[in-house]
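Worksheet: one structure, shown below.
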Amino acid sequence: MRTGETKNKRKFAVASLDAMDSDIESMPAAPFGALIVVADDEIALKEYAKIAKRLLESGCAWATLYAGGKRTRKLHDVFDKAIVDYQLKKDPDAEMMTSGEPEDSLEEAVRDAVWFAQPTYGDGYADLLVLVIGEDEDKLAEKAEAFAKSVADE
């Protein structure tokens, strides 16, 4: 697992998963933010509901989503439905906000996760988990790590 610190002093960890059910080495302390990078068009987006549930159970309070274009909007739908289902079936107080736009590049998604995907009141999230899932996950994890270390506020 790659680790580092962003320019706004958030600690981050980059985890690569080659399959949906792979173990995530470690989760940050709750509450934390996450950046989900979908690197494989072959995995059905509905499968990402499992990741949303795992993040909710671990205390993720904000997930920035990146699926390289139009699939990002569909990924939002999957995450938002998984969040509501979790609230209805398991914990009505569980919360996770989502962000990310279909037109965003990976660099823009990282900037959103690092600088903007935080609560507007109260303390920000000290930790950020970058989760890269699918083909060439290691290459994308390296890019995400480099962006997280270098991206500056607008």
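Remarks
- Of the criteria (1) of a type in the set (A, V, I, L, M); (2) modelled with pLDDT of 90 or more; (3) more than 19 Å from residue 145 (Cα to Cα); (4) surrounded by 13 or more Cβ atoms within 10 Å (Cβ to Cβ), which one residue 13 fails: (3)
- Of the helices (runs of 4 or more DSSP H) that lie entirely inside the range 41-154, those containing 1 or more residues that are at pLDDT 95 or above and over 23 Å from residue 18 (Cα atoms) span 71-89.
- Scanning the range 94-125 for residues that are surrounded by fewer than 17 Cβ atoms within 10 Å (Cβ to Cβ) and of a type in the set (Ser, Thr, Tyr), we see that the one that is nearest to residue 147 (Cα to Cα) is 105.
- Selection of first residues in the range 74-95 that are among the aliphatic types (A, V, I, L, M) and of second residues that are part of a helix (DSSP H, G or I) and surrounded by fewer than 16 Cβ atoms within 10 Å (Cβ to Cβ), restricted to Cβ pairs under 9 Å at least 6 apart or on distinct chains, gives the following pairs, ordered by first then second residue: 78/46; 78/47; 82/50; 94/57; 94/87.
The values are calculated or read from the model by the stated rules, or taken from the named source; none is laboratory data. Given the structure is predicted, the values throughout are model-derived calculations rather than measurements. Every residue, glycine among them, receives a Cβ derived from its backbone with ideal geometry; neighbour counts consider all protein chains shown.
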